[in-house]
Amino acid sequence: TFQAIEARDGAGIAMAADVRELDAGGWAELRTRVEQDFGPVSVLVYAAAAPDRPARIPNIPQDHWDEVLATDLTGMWRCCAAFLPHMAQHGWGRVIAIGSLMGAQGGFSEGAYAAAKAGLAALIKTVAQENARHGITANIVVPGRIATTRTAGLSERVSEAVRKAIPAGRVGTPEEVAAVVAFLASVHASYVTGAEIPVTGGRELGMLAL
């Protein structure tokens, strides 16, 4: 991500941090570092996610449940606690989270992930309610099947089945997700808050592509 920013003549800093372990002090330190180089933080995009370990509900290991909730949900709560007061102080802010269709539909053998993403959506809507009067919007982008290194390993048979389940007849691109995030981060989205925005090619509509 940092290299992509530099390739487009942007500026940034890359810092490694484990969102599962960062406490309030750790988030405050991270915020201070960013503010020293770039000034007040006005846009927050939370895209952290734990690795997959598929298992049905009775078989989810406790450590995996804890890891997923800590990464996908608790980390976002702590992040908001660190940045929201400063956004409110400046009267402007954008909070954007990356969700999942599983947050609304559930996920077979992905119970921890689905539960965390459902909680993330509720958290974002609460952030929107509590901070709208401070010039802060909060929204969640919900990608469907996106062409990534994760989906690149699927067999042609599985890939074809995936495409048939999407009304658009194809998987999406990371750039299509990024375009929605960029809009939500802009001044043009000042009246959009508390929204779950699907970038799915219509996958959630429950119809087959013909």
Extreme residue, modelled with the lowest pLDDT, among residues of segment 48-83 that are of a type in the set (A, V, I, L, M) and within 18 Å of V177 (Cβ to Cβ)
A49
How do the pairs read when you match residues in segment 120-146 that are more than 30 Å from R170 (Cα to Cα) and buried (at least 20 other Cβ atoms within 10 Å of the Cβ) with residues anywhere that are at pLDDT 95 or above and of a type in the set (K, R), using Cβ under 6 Å and keeping only pairs 6 or more apart or on different chains?
T137/R94
Under 7 Å by Cβ, and 6 or more places apart or on different chains, what pairs join a residue from segment 163-183 that is more than 17 Å from E204 (Cα to Cα) with one that is surrounded by fewer than 18 Cβ atoms within 10 Å (Cβ to Cβ) and of a type outside the set (A, V, I, L, M)?
P174/T148
Does segment 126-133 contain any residue that is among the acidic types (D, E) and outside any helix (DSSP H, G or I)?
no
Select from segment 84-110 the residues that are modelled with pLDDT under 95, in a helix (DSSP H, G or I) and touching a helix residue (DSSP H, G or I) at 6+ places or on another chain (Cβ under 6 Å) and list them in ascending order.
M102, G103
Note down all Cβ pairs under 6 Å where the first residue falls in segment 43-72 and is within 16 Å of V19 (Cβ to Cβ), the second is part of a strand (DSSP E or B), and they're at least six residues apart or on different chains.
L44/V95; V45/I96; Y46/A97; A47/I98
In the set A82, A97, A104, the lone residue that is buried (at least 19 other Cβ atoms within 10 Å of the Cβ) and closer than 24 Å to E175 by Cα is A97
So in segment 149-160, with the set limited to residues that are polar (S, T, N, Q) and surrounded by 13 or more Cβ atoms within 10 Å (Cβ to Cβ), which one is nearest to the chain's Cα centre (by Cα)?
T151
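The values are calculated or read from the model by the stated rules, or taken from the named source; none is laboratory data. A quick note: this is a predicted structure, and the numbers were derived from the prediction, not measured. Using ideal geometry, Cβ is built from the backbone for each residue, glycine included, and neighbour counts are taken over all protein chains shown.
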